[in-house]
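Below: one structure, written as structure tokens.
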Amino acid sequence: MKHEADVLQRLRDMILQGDLAPGQRVPEAHVAALLGLSRTPVRQALPVLAKEGLLVPAGARGFAVRAFTKAEIAEGVDARGLLEGYAAHVLAQRGMDPETKGRLQDLLAQGDVIFAKRHLVAADERAYGEMNRAFHDTIVEAARLPIVKGLLETLNRIPFASPEMIAFDRLGLEEMYDALWYSHRQHHQIVGAIAAGEGARAENLFREHVNNQIYSMSLRGEDNRRSPMARLEPPVNEKPVRGSRKSKAPEV
């Protein structure tokens, strides 16, 4: 059972990180070779990923990676903000246990280290993404809301909608520093509101915090050509920009 779960997670990661691009067919033999596995566990995993919405039927018995639209991604991020904001509200009202408080303080300190040098380097992409995901997960876990947690797990399978999805290469390190530093200051404010038992404030801060992701990725309003979502289809005579795996955007 653990082996099957590992195969599923590895395939999810390949889709969410862009190793398997939107619209790409997913042949069992090819994927099995990439993972160094036999075809059987891959064959068993593909229908599960289709039920999760990451794959769609293609051909007689095959599958392809689902292409999410910008509107669908924005909807996913919006919904995540509502659910995580509610979790923060509940946690503030209930009160944090010392373990949760210590964990959040550790994550704030990790973020502070990233920004202490007053600039970003390429390695900070992964470090910030992992810290951000852990911050969000810690609050949701501590709120002890199993239905909310399950809904968030589904939403986080939408490419670009989860908290760790950062794309430095399209925004540039200098511009990204300002955006992420502001988001991390919000982390401090959210923890402060939860610790003070200010449920409504914690919820509103969390919603605004998640909303920053929508605008930084140009999921609403006019496209920012430096956004990771901007080049869903390159203009005529312009070659696609090769970026990090996380910066590969879905089709519209």
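Conditions (1) surrounded by 14 or more Cβ atoms within 10 Å (Cβ to Cβ); (2) of a type in the set (A, V, I, L, M); (3) within 30 Å of PRO22 (Cα to Cα), marked per residue:
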residue	(1), (2), (3)
ASP137	yes, no, yes
GLU141	yes, no, no
LEU152	yes, yes, yes
ALA161	yes, yes, yes
Evaluation of PRO163 against (1) part of a helix (DSSP H, G or I); (2) in contact with a helix residue (DSSP H, G or I) (Cβ under 7 Å, 6 or more places away or on another chain); (3) not aromatic (Phe, Trp, Tyr) (one fails), failing number: (1)
Single residue of GLY59, GLY95 found to be open to solvent by 30 Å² or more (accessible area, probe 1.4 Å), on the phi > 0 side of the Ramachandran plot and at pLDDT below 90: GLY59
Failed criterion for GLY197 (all others in (1) open to solvent by 10 Å² or more (accessible area, probe 1.4 Å); (2) at pLDDT below 85 hold): (2)
Looking only at the range 1-23, and only at residues there that are surrounded by fewer than 14 Cβ atoms within 10 Å (Cβ to Cβ) and within 30 Å of LYS70 (Cβ to Cβ), the one that is modelled with the lowest pLDDT: ASP13
Given (1) part of a helix (DSSP H, G or I); (2) modelled with pLDDT of 95 or more, index of the condition ILE214 fails: (2)
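Would you call LEU108 farther than 20 Å from GLN17 by Cβ, open to solvent by less than 20 Å² (accessible area, probe 1.4 Å) and of a type in the set (A, V, I, L, M, F, W, C)? Break it down into steps so the answer makes sense when it comes.
Working: farther than 20 Å from GLN17 by Cβ: yes; open to solvent by less than 20 Å² (accessible area, probe 1.4 Å): yes; of a type in the set (A, V, I, L, M, F, W, C): yes.
Taking the combined requirement at face value, the residue satisfies it.
The values are calculated or read from the model by the stated rules, or taken from the named source; none is laboratory data. Everything numeric here is computed off the predicted structure, so don't read it as measured data. Quick reminder, even Gly has a Cβ in these numbers, built from the backbone with ideal geometry, and neighbours come from all protein chains shown. Please note that ligands, DNA and RNA were not included when accessible areas were found on the heavy atoms of the full protein model with its side chains. Shrake-Rupley method; radii C 1.70, N 1.55, O 1.52, S 1.80 Å.
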